Ligand code: GDP
Ligand code: GDP
């Protein structure tokens, strides 16, 4: 189901990223461990009481070398477009500036719920100046201190009060939700159009669950799919749509709602740094992944070129070793028919359940084949394993001491599980837990 989205807007240095990091907390990022892939701290999940929502730091979306006022206007527009509730952040040590008033006007016109927070109110005496902020017209201003963690609870109480009632439409278990991500011009819109025009595909548009985004429903055989709209697919002609950070933001949002993510690569231009970054997000989110090498018509393709290209893809995307690779051309529709089966199979594997009995037969065979390691004279003992979740398949292995289960042994178990059950197209997760 779609989560509510909150965006933080404000001038540079008012403390947006300080607040963002505080609300998001210490999330462990898998992406940071992948060479060449750095985490953009612009979009992340946050929690308050029993609400889970997504938070955008619009300050992290740099918009070229534009003057401050232009940048701020665009960041405010992004917040208005993307968020359900906007936190408008001011610096309590500087009062209301002309730029603040400018942003206030835009936010005011948008009719989006705005929560006004005045930051850097580190001590109680400063709170006496809070009244001047009423003049902005957003009701009660919340005095906060991002660096000391003061006042955030009251502010968040007000934020969650404004959350919309979201529809449950996306809880449809039978439908496969997928999105296409990739650099501008890899052929995302072309591929969507090609799929929609395929024979025996029935298409219907779903009006935006998220503002002006439009998802498309298609049916092939007796399987329903929904293609989630992504930036670059339906261009709305806004200035900031061309910026890299904005397309990353839209990709992250599309990934979040997907069962399967198609990572598109351009066969003509080859693999670029940005491709790895985008693919890293899909992997980290725990979604099923299919790698699609598009524009295959531009390559003088024989069996050998395909093998070569595959080796190259595998070398660049080692963490996606579970993802199948589909070579096709959106333009000529060559090999297009191989895509839907790859999506369907990845999705089935993503929600596959293995019974505890069968799983333990495999684990015990693995143990017999490769005895557990010893660390400082102590041997890892594996008692049993069980699958605790799907999407992605998640296993808990009960052991004498989780510290004794190192990466390499976990990897060995993962390989054995994959050998036995496939799981092509989906990441799987394995946790070790103590049991005497
Ligand atoms: P951003 O540009 O809006 O993202 O602002 P940052 O989060 O980078 O913060 C700008 C500066 O203000 C940093 O030096 C922060 O340490 C500082 N800062 C942030 N919150 C507070 C606060 O509550 N009190 C004080 N005194 N300084 C703060
Ligand atoms: P998007 O920005 O990812 O949505 O990319 P588009 O779908 O707009 O495609 C970008 C350009 O690549 C357009 O000029 C397309 O005609 C072209 N293109 C897309 N798919 C193919 C393909 O399979 N083969 C070739 N030769 N060109 C393609």
Compactness relative to 2.2 N^0.38 Å, alpha carbon Rg of region 176-350: 0.97
Neighbour-count ranking [beta-carbon atoms within 10 angstrom, fewest first] of 163, 395: 163, 395
Residue 41 versus residue 375: modelled label distance in nm, points set 7 Å from Cα along the beta carbon direction: 2.9
Three semi-axes of the equivalent ellipsoid, region 356-434, Cα gyration tensor, whole Å, largest first: 21, 13, 12
Three principal axis lengths of region 128-198 [C-alpha, angstrom, descending]: 65, 31, 27
Inter-label distance for residue 335 and residue 222, nm, one decimal - labels placed 7 Å from Cα along Cα-to-Cβ: 3.1
401, 297, 229 arranged by Cβ crowding within 10 Å, fewest neighbours leading: 401, 297, 229
Spread of Cα-to-Cα distances over 10 Å intervals beginning at zero, given as percent, for region 50-197: 9, 30, 31, 17, 10, 3, 0
Residue order, fewest to most surrounding Cβ atoms within 10 angstrom, among 51, 337: 337, 51
Set of region 344-375 residues, backbone N closer than 18 Å to the point 7 Å along the Cα-Cβ line of residue 406: 367, 370-375
Where labels lie 7 Å past Cα in the beta-carbon direction, separation of residue 193 and residue 368 in nm: 5.8
CD proxy at 222 nm, helix term only [per DSSP H run n ≥ 4: -39500 (n - 2.57); per residue of the chain; nearest 500]: -10000 deg cm²/dmol
D (Stokes-Einstein, µm²/s), Kirkwood Cα radius, the chain, 1.002 mPa s at 20 °C: 89
Additional length obtainable on full extension of the chain from residue 391 to residue 70, 0.36 nm per residue less Cα span: 111.4 nm
Gain in span if fully extended, residue 435 to residue 109, counting 0.36 nm per residue against the direct Cα distance: 111.5 nm
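Just so you know, all these numbers are worked out from the coordinates, no wet-lab data involved. What you see is a predicted model; the values in this text were computed from it and never measured. FYI the Cβ positions are ideal-geometry reconstructions off the backbone, even for glycines, and counts take in every protein chain you see.
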